[in-house]
Amino acid sequence: MKIEIDRNGLIALVQDLIRIDSVNPYLDADGPGERQIARFLQERMQAGGLEVRVMPINDTAVNVIGILRGSGGGRSLLLNGHMDTVSAKRMAIKPFDPLHEDGKIYGRGSQDMKGSLGAMIAAVEAVSRAQVPLSGDVILAFVADEEYKSIGTEALVEEYSADAAIVCEPSDLDIGIVHKGFAWISCEVKGKAAHGSRPAEGIDAIVHTGRVLSEIERLSQQLAQKRHPILGPPSVHASLIQGGTELSTYPDHCRLDWERRTIPGETRQEVEQEVAGMLERLRAGDDSFQASAELFFWREPFEVSTDEPIFAALEAACRSRLGRAPDISGFSGWTDAALLQGAGIPTVLFGPCGAGLHGAVEYVETESLVDMANILADTIREFCR
Ligand SMILES: [Zn+2]
């Protein structure tokens, strides 16, 4: 029997989700976080007969997990979606008053990723309604804080596992199998304060930081020689700089933070050595150069093999519903897929079409949501049968 999702129900659900402000409070202090949207999803899943658990993380962040139990012995599938959004300020449309027009649903989070949250629910409800016999469990994981530090999925993988996962970030109905990781590095350059008229007594920390910037530029050129077949080269860029005290004083300190985007195969240890090497070269060239650096935040790159059964199941469902083979793609940004894959769960990325994520005009394409929900339902039937 062919499973069909409830198209109008899906559109209404996505609009309901957009109406709930779930801006991440770590990105925008006025953001309420995930409590309210989690309660909405909790009630919706309970009404659908799922086993539901609310997993509080802190005052504003919460995960909510719904399980459609299989009869036992089959493969389990986890569908992951983040409930938080980036700030809704400076949008050119009404962020929480979703407009459905010309085949698009507009609003903050429509593409990233409340459209997907709706499609996840619609898929499981359709599977449940059609009484598809499943032996494995389907786990719907609605998580907190993906847009900042991913404390939601970090907490999730402590307690939940599955035979495979789909992270439902928008992918234009293609299958994402790889994305970059990143490292944040902070460097403190020391100088010596002195009156601006006494150069012999001062060491200029800001000028010395310029040497670090030159090293970053050189590294950037080196990295451009490396290449991942889908992602291309890794990269590095300077992010923040702060130093000095006043105009007539030699600056005694300067802080420079930079970001290094990594490709699969690059390790934390290699990036730390890269940073240490830069500072060693600068020290070797000038005794008065003093600096220390720390890699203070690290996220692994993500890559999954197309030999994984979840890839085959999802690809077959795409072919049958879309009448074409999906493209195999890389993501430009980092996602929770890296945490799930890192926890040993083979993970792919799959979501709808749209535009404007994090931008002034954000929308998701309605038909792509309907396709996505049907493809998820078929994938569940095949993978968890
Ligand atoms: Zn997202």
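The values are calculated or read from the model by the stated rules, or taken from the named source; none is laboratory data. Because the structure is predicted, anything quoted here is derived from the model rather than measured. Note: ideal-geometry Cβ built from the backbone for every residue, glycine included; neighbour counts use all protein chains shown. Surface areas here come from the heavy atoms of the whole protein model, side chains and all, with no ligands, DNA or RNA. Shrake-Rupley method; radii C 1.70, N 1.55, O 1.52, S 1.80 Å.
Report the calculated FRET efficiency for residue 358 and residue 283 (r = Cβ-Cβ distance, R0 = 41 Å), to the nearest 0.05.
Working: r = 40 Å, r/R0 = 0.97.
The value I calculate is 0.55.
On the beta carbon distance between residue 7 and residue 36, with R0 = 22 Å, the FRET formula returns roughly 0.25. Multiply the residue separation of residue 102 and residue 222 by 0.36 nm, subtract the distance between their alpha-carbon atoms, and state the gained length in nm to one decimal. Answer, rounded to one decimal: 38.6 nm. When the accessible area of the chain is split by element with a 1.4 Å probe, what percent falls to carbon and sulfur? About 47 percent, which is the carbon plus sulfur part of the accessible surface. The Cα center of region 38-71 and the Cα center of region 169-223 differ in position by 42 Å. Using a/c under 1.5 as the rounded threshold, could you call region 181-299 rounded, prolate or oblate? The axes a ≥ b ≥ c are square roots of the C-alpha gyration tensor eigenvalues, and prolate needs a/b larger than b/c, oblate otherwise. Verdict is prolate for region 181-299.
How much FRET efficiency would the formula 1/(1 + (r/R0)^6) give for residue 188 and residue 316, where r is the Cβ-Cβ distance and R0 is 56 Å, rounded to 0.05? It comes out at approximately 0.55. Angle, helix 205-223 long axis vs. longest principal axis of the chain, Cα atoms, 0 to 90°, nearest 10? With rounding to tens, the tilt is 50 degrees. With contacts taken as Cα pairs under 8 Å and at least 6 residues apart, region 225-347 reaches a relative contact order of 20 percent.
Taking all Cα pairs closer than 8 Å and separated by 6 or more residues, the relative contact order of region 195-297 comes to 27 percent.
If the chain between residue 198 and residue 94 were fully stretched, how many nm would it gain, using 0.36 nm times the residue separation less the Cα-Cα distance?
31.7 nm
Using a cutoff of 8 angstrom between alpha carbon atoms and counting only pairs six or more residues apart, the relative contact order for the chain works out to 24 percent.
Backbone phi angles across region 324-339, fed through the Karplus curve with coefficients 6.51, -1.76 and 1.60 (θ = phi - 60°), yield HN-Hα couplings of 7, 7, x, 6, 9, 10, x, 9, 7, x, 8, 9, 5, 4, 5, 6 Hz in residue order; Gly and Pro are listed as x. Label-to-label distance for residue 327 and residue 43 is 4.1 nm, based on points extended 7 Å past Cα in the beta-carbon direction.
Taking loop as defined by DSSP and a crowding limit of 11 other beta carbons within 10 Å, which trypsin sites (Lys or Arg not before Pro) in region 314-349 fit?
On the way: sites: 319, 321, 324; in loops: 324.
Sites meeting the loop and neighbour criteria: 324.
Going through the cross-link list 94/149; 190/226; 149/192; 2/104, which pairs have a Cα-Cα distance over 30 Å in this structure? Present the calculation step by step, with values, prior to reporting the outcome.
Details: 94/149 27 Å; 190/226 33 Å; 149/192 36 Å; 2/104 26 Å.
Among 94/149; 190/226; 149/192; 2/104, the Cα-Cα distance tops 30 Å for 190/226; 149/192.
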